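To start, the structure itself, in structure tokens.
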Amino acid sequence: MGSTTAIAGNGVSDAEAALLNDAVGAATDFRGRPASRSRTGRWKSASFIIGVEVAERFAYYGISSNLINYLTGPMGQSTAAAAENVNAWNGTATLLPLLGAFVADSFLGRFRTIVVASVLYVVSLGLLSMSAAFHSSNSSHCKTNANNPVCSPPSLEVVIFFFSLYLVAVAQGGHKPCVQAFGADQFDDEDEEELIAKSSFFNWWYFSMNIGILAALSVLSYIQENLSWGLGFGIPCIFMCFALFVFLLGSTTYRFLLSSDGRNPFLRIGRVFVRAARNRRASPSAVATAEEARGDGADFKFLYKAILAPPDKNGNVCTASDVDDAIGILRLAPIWCTCLGYAVVSSQASTFFTKQGATLDRHLTRGFEIPAASLQSLISVSILAFIPVYDRVIVPITRSVSKKPAGISMLQRIGVGIFLSLLITAAAALVEGHRLDIAAEHGLLDKPDETVPMSVWWLALQYLLLGVADVFTMVGLQEFFYDQVPVELKSIGLALYLSIFGVGNFLSSFLISIIELITSRAGAGSWFSDNLNRAHLDYFYWLLAGISAVTLAAYVYSAKCYAYKKKD
């Protein structure tokens with residue numbers, strides 16, 4: 001009321017003052033007008049965007065969750081080769097968001113990038129479905145004889161399949177970082193109520209996203225293995241068509257954030273590093289003066305040399321704000337690096353965890369057996385059960401103690417999940433050791449096609465713990481990388497979070513290749529033998545537990561040294 005009176009006192013009518021107070025700063029609506037707080041943004045707009053994410057995750061996990069079984073079945077690949085291919089594809093799919101975010105933040109904008117990526121998604125899923133539908137007639141034989149060279153599909157079919165698969169990765173690269181950033185853009189940081197809602201948005205975003213994942217794991221994996229791979233890949237294509245329609249339906253309610261000064265954020269921040277390098281011989285006293293004027297960034301004082309460089313031929317200079325943003329990006333590097341161990345652990349759910357489950361008794365009733373890939377639905381079940389507890393119970397309790405809107409800090413939240421990853425790998429190693437003991441007791445070491453008389457629910461703990469860990473680490477990383485980058489680089493922030501898991505998948509693939517090479521030559525048998533009863537996944541899981549312990553220690557140190565970005 002006070003602000004309205006002040007505006008009216010400056011010669012502005014009450015009606016005009018009301019319009020000004022209803023406008024969201026630095027945001028426009030779909031027609032380029034100042035965004036209205038009452039008519040745009042918040043949960044109304046976010047719900048359309050969340051709907052698109054549910055469909056996209058349904059499509060992506062409809063492919064990725066069961067991909068290892070398609071590769072070892074119709075594609076006729078070995079277990080180790082299929083695991084490497086799955087990790088390589090997942091790695092590519094989670095690194096490409098860096099390119100997608102660059103295109104969005106520098107050229108197209110998030111809204112247009114989402115539309116283009118959605119269309120590309122539909123095309124790639126359609127091609128993938130056609131590839132599976134036209135699979136050679138001996139595919140059913142390949143499912144039980146994956147190593148038989150007769151089962152190898154024609155080269156053209158392999159090319160079309162992998163082209164379609166990596167086209168999905170390209171589509172996901174444009175879709176993933178922009179959708180979540182665009183959803184978070186619908187909440188205004190300058191409004192206290194909307195700021196609290198934004199923190200809750202990241203929790204409920206992840207909750208809704210896992211509804212799509214759960215549907216894919218429980219429905220599509222069954223259709224793919226028992227009805228048709230072509231149908232199992234085609235249904236996600238239909239869902240993405242519907243998702244694009246829903247997203248466009250909400251266009252008139254969206255808020256579009258404006259760049260602070262209209263300059264390309266990549267060029268602006270990149271210029272800091274270039275100019276600091278060119279001006280590296282600047283006197284220490286001049287650098288100290290520039291640094292003191294800002295009072296921040298002492299650990300990256302060399303970047304202040306960029307401020308001292310003269311304007312270029314176009315009159316461009318590096319401002320103190322540019323240096324602050326560059327320092328903020330550099331400070332993310334230790335956190336990014338120390339989360340890679342968690343990414344390596346999480347990548348096992350769609351590869352070796354699934355292959356473990358395929359050897360066990362998966363009967364729910366005498367005549368019904370669940371697909372091994374559907375066990376990943378336990379991760380989503382755990383997430384769906386735990387997020388309401390976290391958001392409605394844990395956050396209010398911790399908020400009353402810490403006085404922070406989110407209860408615990410973003411870095412504390414991430415650290416809890418990394419600690420849980422250590423427990424996950426230890427539990428997986430113990431269960432796998434028990435599985436091997438039972439296989440030996442029943443004389444199944446050389447009978448890989450026989451079901452080990454052990455319930456598949458022994459694997460439940462590692463899946464459920466991974467879901468809880470994701471609520472802490474995955475959601476924490478999403479909020480952290482969105483919050484700690486400049487406003488023009490929000491898509492890049494989320495792409496950086498996704499790239500952790502992209503590099504993690506590549507590291508997992510590299511680790512598997514090295515271990516496969518060493519253990520195969522050692523004479524004791526590969527840890528990843530196609531006959532899992534002769535393999536040693538338990539040794540691999542213990543190795544991952546050790547990696548988790550080391551990365552946890554490094555993360556704790558990095559988190560203690562991290563200084564959060566100052567709010568404007």
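The values are calculated or read from the model by the stated rules, or taken from the named source; none is laboratory data. Computed from a predicted model, the values in this text were never measured in an experiment. Glycine gets a Cβ as well: all are built from the backbone with ideal geometry, and neighbour counts include every protein chain shown. Protein only, heavy atoms only, side chains kept; ligands, DNA and RNA dropped before computing areas. Shrake-Rupley method; radii C 1.70, N 1.55, O 1.52, S 1.80 Å.
Among S508, L267, W527, whose Cα sits farthest toward the positive end of the charge dipole of the chain (+1 at Cβ of Lys/Arg, -1 at Cβ of Asp/Glu, about the Cα centre)? The listed residue farthest towards the positive side: L267. Quick check: net charge around V246, other residues with Cβ under 12 Å of its Cβ, Lys/Arg +1 and Asp/Glu -1? With Lys, Arg at +1 and Asp, Glu at -1, the neighbours total -2. Region 365-396 and region 208-230 have Cα centres spaced 15 Å apart. For the chain, build the charge dipole from Cβ charges (+1 Lys, Arg; -1 Asp, Glu) around the Cα centre, then report which of F233, A117, A277 sits farthest towards its positive end. Working it through, the farthest residue towards the positive pole turns out to be A277.
Which pairs break 19 Å Cα to Cα here: K404/K565; K198/K403; K198/K490; K301/K404? Result: K301/K404 exceed 19 Å. Length available on full extension from F266 to W457: 0.36 nm per residue minus the Cα-Cα distance, which gives 63.9 nm.
Measure off, as a whole percent, the carbon and sulfur share of the 1.4 Å-probe accessible area of the chain, all protein chains present. Show your work: numbers first, answer last.
Values: 15580 of 24030 Å².
Roughly 65 percent, rounded to a whole number.
Accessible-area rank, largest first, for Y166, Y482, Y539: Y539, Y166, Y482, with all protein chains present and a 1.4 angstrom probe.
Spin-label model, E441 to V556: label points 7 Å out along the Cα-to-beta-carbon direction sit 3.7 nm apart. One chain, two ends: F163 and C337. Fully extended at 0.36 nm per residue, the span grows by 59.6 nm beyond their Cα-Cα distance.
Converting the Cα gyration tensor eigenvalues of region 390-491 into ellipsoid dimensions via √(5λ) gives semi-axes, longest first, of 41, 16, 10 Å.
Helix 155-184 axis versus longest C-alpha principal axis of the chain: approximately 40°, rounded to the nearest ten. Distance between the 7 Å Cα→Cβ label points at L364 and S106: 4.8 nm.
Debye-formula intensities of region 193-279, expressed as log10 I(q)/I(0) at q = 0.15, 0.16, 0.20, 0.26 Å⁻¹, are -0.87, -0.90, -1.04, -1.22 (one equal scatterer per alpha-carbon, no solvent).
With a Förster radius of 56 Å applied to the C-beta separation of Q412 and V123, the computed FRET efficiency comes to 0.85. The mean accessible area for residues of the chain, using a 1.4 Å probe and ignoring ligands and nucleic acids, is 42 Å² per residue. Counted residue by residue at 0.36 nm each, then reduced by the alpha carbon distance between them, the extension gain from F273 to A563 reaches 102.4 nm.
Among the trypsin sites (Lys or Arg not before Pro) found in region 467-568, those both in a DSSP coil and sparsely packed, with 11 or fewer other Cβ atoms within 10 Å of their Cβ, are K566, K567. Remark on region 490-533: ratio of C-alpha radius of gyration to 2.2 N^0.38 Å is 1.71. Within the assembled protein chains, the solvent-accessible surface assigned to L108 is about 70 Å², based on a 1.4 Å probe. Note on K305: aspartates and glutamates with a C-alpha under 20 Å away, same-chain residues under 8 apart excluded, are E291, E292, D296, D322, D324, D325.
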